[in-house]
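Asker: Pasting in a structure now, in structure tokens, and then I'll have a few things to ask.
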Amino acid sequence: MSFFYLFAVLAVLLVVPFIYFRISTKGQSKKKTSILYGVVAYLLTTLLKMILMATFLPDSDQEEADFTAQFEPVSAIITIVVSSLDALGCFLALRACSGHSEIRIFGVSFAWSSAESILSFFFVSWIGCLKPEFNWVYMQNALGSNINLLKQIAFTHIIWVLWKGKFQNPDKRNIFIWLSAFFITPELFKLSEVLLSKFFIFGWVLLVLKFAVAYGLFITSKKIYQSFEQLNNNKKKN
Amino acid sequence: MKNLQRSQLLLCFFVLTLVYNLLPVKPLETLPVYRLLHSEQVSSTTGKTFIRGTTSASVPSSQTKTYFECAEYLKNIPTNLNQDTSTETEDEIPPNNEQEDFVKCFKGTVAVFPLFSLLEFDISLFSEGGTCKGILVVLPRDLLTTKTQEFVTFQNEEEQESKEEIIKKLGQIESLLVEKEFRVPIYFINEDEVSHLFSFDNVNSDKQGNYNLKIVGKPGNKKKIKQVSSLEAWLPTDLDEEGKLKPTIIITANYDTFSISPALSSGLESGNNAVGVLVELSRLFTKLYNNPQTKGQYNLLFVLNSGSKQNYLGTKKWISSVDRKVLESVELVLCLDSLSIYDDDIEKSKLIDGLFLHYSNGGKIEIDKTVPTEFQSISKLFGIDTQIITKKIMKNNPLISFEHEIFYRKKLKAITISNFKSYNQTIRKGSLLDLQSGSSPNARNMETVTTLIAEFLSKMIYKQQQHQSQFISIFKNNYKPNNLVIQNINKMLLKYNRFSPFLEKDEQFLLNLENTFKSFGLDTKIESKKISLKKETFYYSGTQAKLTIFKVKSLLFEFFVFIMSLVYLAVLYYFLNGKQKTIQEIKQLLNNRKKNN
């Protein structure tokens, strides 16, 4: 309706990731390269995913809805397979940039989720917030993108551990890491949304649930990463 | 550098707001609304133009205000505290000076009024342009109760208002709306479509969602009645020995309606079942005539005309173009006016108010008084009270009160059967109530009325002796009137707006009626005649429009959301940074500022 709502939405959409990134990577250098590689990786990955989806995904009649999508197994499987390219994109970005592990992880995840939120929500929110009709959807999208940031950080942590861990620690922990990487694949996240919408859970309640899941994943991934780092440090000492 | 950046930013915002204004906006809802009548009449003597109804069509996107949000201005303010303030505020309308505050309350907004609230204040105060952006009148689901799920009663809740009083009030409201010129757009909308948006429960009147309404309406083109269509169904008997036509009985009814909103003129005028009764009569008599043993000695001509609300224009035109031979053979014209019942009490077989038989006396034509009395006596047998009303025709007065007067002026014997005692009863002119009257025509009573009229006609046709004890009823068993036929005709008519000036030659409902008569086996034709009048009333089209509703929030709310988002950012920063670090950073910032100053 007015610029106030627009500023509110944009603040939540853009400033929050920036705050998080700044605090997480304080006093460290080579942030810009990781951000740059993260953005480029995201753009290229998304482009490739779109081409593959357009080629292989069957036509569906359903329109794009916020939370009331219907679940179709075939298209879900195809999207799961295609979105595993996210992992590949992340991995390449992490590999390309240089610096401390935390810089690389946070830089790539911040860049990835920011690019995603700008391309998905920025322009839509800009137009939507200035409409005469007031709609909470734009604020919900902005907060959803913050939650996606959490999820992306978790995801990037796992990719890092998989990359560094695979060649060095072939034990039972790898299986657990592999499984957790699979479970936090983006498509499964969307699946959970679809399932929840079947029980008519949308809007703010869905957001809270999403946050709970994302936070849980974030904590788990951080612990995995920390335990991995500890192992690594112990080995180095030895 | 800073100045440059600022000006660039400002330019960006300016450009973007321009772009935003050009973008099409998706509204919350789009609903149909019906415009109040707009008509113009030019006086033939003075040349002055009388404008009625609403002349304005579009409502720009504006906020809404319901009646209850400003109703407090209508309460009487006591001038002297010592005086008694026990006067009932509901019954008295405050004087116009006090109502000015009420009117000012709606300035710049779209006023949303429940229908019966229009009696609580003087609507003509809104007639000037600029008083408000538009008026939206919400029609309750059931007009006869004045209370529905969403609306508050505009009556004393202890006393239950009789239907007659409600009908009277409705008539008052309708005449108020149509007799003045309004320079603000006035539209009607059905309650069902807005009940989830506006709550008219005055207890919760604070909980109004903020909405913007926008109506894109065309001012419309001038329309005058260019043509009237009449539908004739001819049921002949054999010619007499000389090869001439035997006597004829004409049975007429009118199919057109009037409503204060032409787009809502699909009702059965005053609950009028006359068209259905006429169709059913034609079916019964065709059945009788098909059997050579029961073929009557009269020709029957069933006619449906238009223009009844325009001083029976259609009938006048039709009678002037009828075959002279047929006219000469006419012995009686039976005009069916409003035949309706408002009471849904099916157990009562008695009609409310009874029927009225109107005929004219004086002049060269004298109706044999046995005709009306015969009708009266037959109606008594059916438990219906019929009153006979005679009226002299004033030749200088062009106003036709009932249809039989037209035939009377053509020197034909005619009577009108009606539910109304007087020609100028408000509801008889056509009312919004008509939209609901078709929903529950009293089944048994319509059969009774049809049987009554059929028996009356059959007495003439078959020249029965009139002895009450020996009254032989023909219309029973196989020949009993079927209410389903009447109901089906009603249902069909309710789908079409039948306001005369807007009717074309080939209207679908006329074709449907023609097919119905043809299916009975009658010789049917539709004739359209051109009309050119000296004194004309012009009506304006553009009677329906689209209402778009946007849900808006107040600016204050959005500012609050903005502040909350800043708080969210601050909390997040504090949470991520840790308590001590955040406090340190704040201290550093403050110190830096002090140093700069």
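Asker: Within the range B:556-579, which residues are exposed (fewer than 15 other Cβ atoms within 10 Å of the Cβ) and of a type in the set (Ser, Thr, Tyr)?
Answerer: If the condition is that a residue be exposed (fewer than 15 other Cβ atoms within 10 Å of the Cβ) and of a type in the set (Ser, Thr, Tyr), then B:574 is the only one that fits.
Asker: If you don't mind, another one. List the residue pairs whose Cβ atoms are under 9 Å apart, where the first residue sits in the range A:5-21 and is within 7 Å of chain B (Cβ to nearest Cβ) and buried (at least 19 other Cβ atoms within 10 Å of the Cβ), the second is assigned to a helix (DSSP H, G or I) and acidic (Asp, Glu), and the two are 6 or more positions apart or on different chains.
Answerer: Sorted first by the residue in the range A:5-21, then by its partner, the pairs are A:5/B:558; A:8/B:558.
Asker: Further question: Can you pull out the residues in the range B:432-471 that are at pLDDT below 75 and over 33 Å from the mean Cα position of the chain (by Cα)?
Answerer: Scanning the range B:432-471 gives B:463, B:464, B:465, B:466, B:467, B:468, B:469, B:470, B:471.
Asker: For residue B:560, all conditions in the list (1) within 10 Å of chain A (Cβ to nearest Cβ); (2) under 28 Å from residue B:33 (Cα atoms); (3) at pLDDT 80 or above hold save one; what is the number of the exception?
Answerer: Failed condition: (2).
Asker: Within the bounds of the range B:580-589, is there any residue that is surrounded by fewer than 11 Cβ atoms within 10 Å (Cβ to Cβ), within 25 Å of the chain's Cα centre (by Cα) and either within 30 Å of residue B:494 (Cβ to Cβ) or of a type outside the set (Gly, Ala, Ser) (or both)?
Answerer: Scanning the range B:580-589, I find no residue that is surrounded by fewer than 11 Cβ atoms within 10 Å (Cβ to Cβ), within 25 Å of the chain's Cα centre (by Cα) and either within 30 Å of residue B:494 (Cβ to Cβ) or of a type outside the set (Gly, Ala, Ser) (or both), so the answer is no.
Asker: Here are some residues: B:146, B:109, B:131. Which one is in contact with a helix residue (DSSP H, G or I) (Cβ under 6 Å, 6 or more places away or on another chain) and modelled with pLDDT of 85 or more?
Answerer: Matching residue, one of B:146, B:109, B:131: B:131.
Asker: Sticking with this structure for a sec: So, in the range B:168-190, of the ones that are in a helix (DSSP H, G or I) and within 13 Å of the chain's Cα centre (by Cα), which residue ends up nearest to residue B:110 (Cα to Cα)?
Answerer: B:177
Asker: Of everything in the range B:302-311, what is modelled with pLDDT of 90 or more and either over 27 Å from residue B:400 (Cα atoms) or surrounded by fewer than 23 Cβ atoms within 10 Å (Cβ to Cβ) (or both)? Give them in sequence order.
Answerer: Hit for the range B:302-311 is B:303, nothing else.
Asker: Follow-up question, since we're still on this one. Given B:43, B:61, which one is at pLDDT below 85 and more than 24 Å from residue B:198 (Cβ to Cβ)?
Answerer: Residue meeting the stated conditions: B:43.
Asker: Just need a number here: residues in the range B:529-554 that are charged (D, E, K, R), at pLDDT 80 or above and closer than 19 Å to residue B:189 by Cα.
Answerer: 1
Asker: When the residues of the range B:563-577 are narrowed to those that are over 30 Å from residue A:130 (Cβ atoms) and within 9 Å of another protein chain (Cβ to nearest Cβ), which ends up farthest from the chain's Cα centre (by Cα)?
Answerer: Per the criteria, the residue is B:577.
Asker: Please determine whether any residue of the range B:542-554 is surrounded by fewer than 17 Cβ atoms within 10 Å (Cβ to Cβ), facing chain A (nearest Cβ under 10 Å) and on the phi < 0 side of the Ramachandran plot.
Answerer: yes
Asker: Tell me whether the range B:510-524 contains one or more residues that are buried (at least 17 other Cβ atoms within 10 Å of the Cβ) and within 15 Å of residue B:256 (Cβ to Cβ).
Answerer: Yes, because at least one residue in the range B:510-524 is buried (at least 17 other Cβ atoms within 10 Å of the Cβ) and within 15 Å of residue B:256 (Cβ to Cβ).
Asker: List the helices (runs of 4 or more DSSP H) that sit entirely inside the range B:247-332 and contain at least 3 residues that are out of contact with any Pro (no Cβ under 6 Å at 6 or more places or on another chain), touching a residue at least 40 places away in the same chain (Cβ under 8 Å) and farther than 27 Å from residue B:447 by Cα.
Answerer: B:313-319, B:324-329
Asker: Now, a different point. Take the residues in the range A:221-236 that are of a type in the set (Lys, Arg) and surrounded by 11 or more Cβ atoms within 10 Å (Cβ to Cβ), then tell me which one is farthest from residue A:102 (Cα to Cα).
Answerer: Among those that are of a type in the set (Lys, Arg) and surrounded by 11 or more Cβ atoms within 10 Å (Cβ to Cβ), it is A:223.
Asker: Ok, one more. Just name the residue that is nearest to residue A:121 (Cα to Cα) out of those in the range A:138-150 that are aliphatic (A, V, I, L, M) and within 12 Å of another protein chain (Cβ to nearest Cβ).
Answerer: Checked the range A:138-150; the qualifying residue nearest to residue A:121 (Cα to Cα) is A:142.
The values are calculated or read from the model by the stated rules, or taken from the named source; none is laboratory data. The structure displayed is predicted, hence computed values, not measured ones. Using ideal geometry, Cβ is built from the backbone for each residue, glycine included, and neighbour counts are taken over all protein chains shown.
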